[in-house]
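K.L.:
First, the structure itself, so that you have it in front of you.
The values are calculated or read from the model by the stated rules, or taken from the named source; none is laboratory data. It should be emphasised that the depicted structure is a prediction, and the values quoted were computed from it without experimental measurement. Every residue, glycine as well, gets a Cβ built from its backbone with ideal geometry; the counts of neighbours run over all protein chains shown.
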Amino acid sequence: MQGNISSIERSKAGQQAQTVRVKPKWHMTALHVVYYAILIALLVFYMLPFWGTVMTSFKTNSEVMTSTPITPPTAWTLEGYASAMEELGLPLLTSLMVTLFGAAGSVFLGSICAYALSKWKFRLNNVFFIALVAATYLPFQAILIPLLQTINALDLYDNIWGLVLVHTVFGMPMCTVMMRGYYADVPDALVRQAMIDGNGMWQIYRKIVVPNTKIATITVFVFQCTSIWNEMLFALVLGGYDSKPATIALNELAGTMAAEFNVQMAGSLILALPVLVLYIFMGKYLISGQMSGAVTAS
Amino acid sequence: MASIKIKDMSVSYNKGKSYVLDKLNLDIKDGEFCVFLGPSGCGKSTAMHCIAGLLHPTNGEIWFGDEIMTSADGKKKDKTFVPPQERNIAMVFQEYALYPNMTVRENMSFALKTKKAPKEEIDKRVAYMAQMLSIEQLLDRRPAELSGGQRQRVALGRALVRDPQVFLLDEPLGNLDAKLRDQVRYELKKIQEQLGITTIYVTHDQTEAMTMADHIVLMKEGHIMQQGTPNDLYDHPANEFVAGFLGTPQINIFPCEVKGDVLDGGAFQLKVPESLKACLAAYKGKKVDLGIRPSDFELAENGGEGIHVHVDSIEPLGDAYLIYVRVGEKVVVFKYTGETAPEEKELVLRPNMAKLHLFDPTTEDRINK
Ligand SMILES: Nc1ncnc2c1ncn2[C@@H]1O[C@H](COP(=O)(O)OP(=O)(O)O)[C@@H](O)[C@H]1O
Ligand SMILES: [Mg+2]
């Protein structure tokens, strides 16, 4: 009994210690008010256009003309969405294909490069790495013309696979650089142990490195998906009419239909939705700081 | 199963600026339990990683039986190098290195699965080894859910389920508590004897080395100080370092001067026994270091000849007493096996004259054979 009482008392004391609050000085409180006022002002500033977009997308075209963008619609309608989908349906499918295959391709190649660069010593290892980092800073405009000629020569112009190829190749350096960091976190002791257990270089990659960096791979894949999904430059130059991704189609929506703002806003939201959903569900992993816990072994 | 031979092996981590191992030569017999013993940082793990093929020595050769595994001659590229996955070795790393994505069972089966062993065989061996190491109830857990000691036993089990040419164990018991360590040590020795597989065991703990080894290789700063059976090293240490490293409590060293037939330690004089006269002939009038192990003293009954000491403190061990005494200014320890500790403050100790160790104070090498 004696022991019980004392332990309860101790835990009470512990709780008190935790709940003691330091009363802030008055000028600290005032500062907080100012901070929050600034934060809220910034929030409104950033969210207002988005709010306007959402409101406009649910209005009829005639109401768009007569009201300010930020007032809610008097009659909610999906008219805008229906018209937008007519134009965007096929391009969205194209975008989806290009995004999935392009991201998968660059993640796959990047993963293999990253494995070689982080876990195996070979001559010019660092030179390769620096070249890849440099490649991530390459301005795409600079190589657009030769690229177009190459794609033409490969007979891949206005072809989904042409876009997939280009995104795979140009996404690879970024994927490599990101994944090399994650793979470096896999302890070398595991690689050595796997060797001792009779595994060669590729078996170790397949059985040890990949299974222990799943979350890292998903993170890079999502990152790659969003950048391909949002991409316009390659899409504009290499996708002609048949393989037109949604970003281009949206742009045309703005250009051709004179001032049908509700349709344009609906289109923008449709395009933004997948990325938004991904970020909401994956946000936790996309903050790179969270990664370290996911791959550490031992 | 194989014997291991190392010829003139040198290892450098900085391209030859300094050597972690320097011209190591070693012969390990087939089926032998060989222990690499030495203080932390002396190169034990390095030597083992070379044998495993995880490190490339700058010079030297490594043979398993009559197959050459590594042969290097200072050039960038090795003359011969068998990669670790083809050496058929099982190894326990100091840092466990359990695969975090696999359960304990999968960890233990991994190497056998890689070799495409039949499933029933794998299950049988894993079950047997799990039982030997008392980790059966952990088989379906992941490494992250285990304590340090449990991980260490899993790492050990993962190596022992295999049927390799050589076991390489790098401080595999370092994280177990004392009781478990004794138990696992006993099991390990038994399993090794049963399997008869050549084993190299790295430790800095002399008790482990003394109790398990057939063959101890005692290292210091990349050199082998002495090798042989535990009794060889304990009874005939080749130098003061070996004498001091083996045996707890440590051997007592008395700086003495040889004066005619007498060893003069300042606070005491000992008559040189017949057996040592020949080897001390060259040291007439010079200094020597006299080593006496704590267990090689006995109390002289009612006075008599010996070393006069003053009792400092007494530590009961249960079955014996460690008595710390002063000889002049020096504190010396001796192990007393009587029923009750002596009550007098002044004692006379008589060393076992057959078990004296004499060392040259400058080279620290052994003088008497
Ligand atoms: N990867 C390394 N790079 C440079 N020096 C190392 C490396 N590994 C070990 N050493 C050095 O080599 C020496 C021997 O190390 P090690 O073989 O691990 O010793 P032990 O296992 O006997 O404690 C130490 O001085 C250590 O600092
Ligand atoms: Mg070590």
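K.L.:
Taking B:Lys17 as the residue in question, decide whether it is touching a residue at least 60 places away in the same chain (Cβ under 8 Å), more than 16 Å from ligand 2 (Cβ to nearest atom) and more than 14 Å from every other protein chain (Cβ to nearest Cβ).
P.N.:
Details: touching a residue at least 60 places away in the same chain (Cβ under 8 Å): no; more than 16 Å from ligand 2 (Cβ to nearest atom): yes; more than 14 Å from every other protein chain (Cβ to nearest Cβ): yes.
Against the criterion (touching a residue at least 60 places away in the same chain (Cβ under 8 Å), more than 16 Å from ligand 2 (Cβ to nearest atom) and more than 14 Å from every other protein chain (Cβ to nearest Cβ)), B:Lys17 does not qualify.
K.L.:
Further, regarding this structure: Given the options A:Phe122, A:Phe140, A:Phe129, A:Phe170, name the one that is out of contact with any strand residue (DSSP E or B) (no Cβ under 6 Å at 6 or more places or on another chain), surrounded by fewer than 23 Cβ atoms within 10 Å (Cβ to Cβ) and within 14 Å of chain B (Cβ to nearest Cβ).
P.N.:
Numbers: A:Phe140 fails: within 14 Å of chain B (Cβ to nearest Cβ); A:Phe129 fails: within 14 Å of chain B (Cβ to nearest Cβ); A:Phe170 fails: within 14 Å of chain B (Cβ to nearest Cβ).
After applying the criteria, what remains is A:Phe122.
K.L.:
Determine whether the stretch A:192-203 contains at least one residue that is more than 21 Å from B:Tyr96 (Cα to Cα) and either within 14 Å of chain B (Cβ to nearest Cβ) or touching a strand residue (DSSP E or B) at 6+ places or on another chain (Cβ under 9 Å) (or both).
P.N.:
yes
K.L.:
Are there any pairs with C-beta distances below 6 angstrom linking a residue in the stretch B:91-106 that is more than 7 Å from chain A (Cβ to nearest Cβ) and within 16 Å of A:Gly198 (Cβ to Cβ) to a residue that is at pLDDT below 90 and within 16 Å of ligand 2 (Cβ to nearest atom), with the two at least 6 apart or on different chains, and if so which?
P.N.:
Listed pairs, sorted by first residue: B:Val92/B:Pro172.
K.L.:
Same structure again: In the list B:Pro39, B:Pro83, which residue meets the criterion of being within 16 Å of ligand 2 (Cβ to nearest atom), touching a residue at least 12 places away in the same chain (Cβ under 8 Å) and surrounded by fewer than 16 Cβ atoms within 10 Å (Cβ to Cβ)?
P.N.:
B:Pro39
K.L.:
Is at least one residue of the stretch B:339-350 modelled with pLDDT under 90 and small (Gly, Ala, Ser)?
P.N.:
yes
K.L.:
For the stretch B:227-241, which residues satisfy the criterion of being within 26 Å of B:Phe167 (Cβ to Cβ) and more than 16 Å from ligand 1 (Cβ to nearest atom)?
P.N.:
B:Gly228, B:Thr229, B:Pro230, B:Asn231, B:Asp232, B:Leu233, B:Tyr234
K.L.:
Being surrounded by fewer than 22 Cβ atoms within 10 Å (Cβ to Cβ) and not charged (D, E, K, R) narrows it down to one residue among B:Ile68, B:Ile62; which is it?
P.N.:
One residue alone meets the criteria, B:Ile68.
K.L.:
Could you look through the stretch B:1-39, keep only residues that are more than 16 Å from ligand 1 (Cβ to nearest atom) and part of a strand (DSSP E or B), and pick out the one that is nearest to B:Ala52 (Cα to Cα)?
P.N.:
The residue in question is B:Ile4.
K.L.:
Going through B:Asp232, B:Asp163, B:Asp205 one at a time, which residue ends up being closer than 25 Å to B:Ser295 by Cβ and away from ligand 2 (no atom under 16 Å from the Cβ)?
P.N.:
Numbers: B:Asp163 fails: closer than 25 Å to B:Ser295 by Cβ; B:Asp205 fails: away from ligand 2 (no atom under 16 Å from the Cβ).
Exactly one residue qualifies, and that residue is B:Asp232.
K.L.:
Does B:Glu193 satisfy the condition of being farther than 18 Å from B:Ile135 by Cβ, more than 16 Å from ligand 2 (Cβ to nearest atom) and either at pLDDT 90 or above or not assigned by TED's automatic domain parsing to the domain that holds B:Val20 (or both)?
P.N.:
Yes: the conditions hold for B:Glu193.
K.L.:
If you don't mind, there's one more thing I want to ask. Tell me the residue from B:Met91, B:Met48, B:Met9 that is in contact with a helix residue (DSSP H, G or I) (Cβ under 8 Å, 6 or more places away or on another chain) and within 16 Å of ligand 2 (Cβ to nearest atom), please.
P.N.:
Residue meeting the stated conditions: B:Met91.
K.L.:
Another question, if that's okay. If B:Leu218 satisfies all but one of (1) within 14 Å of chain A (Cβ to nearest Cβ); (2) within 16 Å of ligand 2 (Cβ to nearest atom); (3) outside any loop (DSSP other than H, G, I, E, B), what's the number of the condition it fails?
P.N.:
Answer for B:Leu218: the failing condition is (1).
K.L.:
Could you please tell me which pairs satisfy a Cβ distance under 7 Å, a separation of 6+ or placement on different chains, a first residue in the stretch A:154-177 that is over 15 Å from A:Lys244 (Cβ atoms), and a second residue that is not in a helix (DSSP H, G or I)?
P.N.:
So the pair list comes out as A:Leu165/A:Leu156.
K.L.:
Quick one: is A:Met201 closer than 18 Å to B:Arg87 by Cβ and touching a Leu at 6+ places or on another chain (Cβ under 9 Å)?
P.N.:
Values: closer than 18 Å to B:Arg87 by Cβ: yes; touching a Leu at 6+ places or on another chain (Cβ under 9 Å): no.
No: the conditions fail for A:Met201.
K.L.:
Could you grab me the full set of residues in the stretch B:40-90 that are assigned to a loop (DSSP other than H, G, I, E, B) and within 13 Å of another protein chain (Cβ to nearest Cβ)?
P.N.:
B:Gly53, B:Leu54, B:Leu55, B:His56, B:Lys76, B:Lys77, B:Val82, B:Pro83, B:Arg87, B:Asn88, listed by residue number.
K.L.:
Has the stretch B:261-281 got any residue that is in a helix (DSSP H, G or I) and within 16 Å of ligand 1 (Cβ to nearest atom)?
P.N.:
No.
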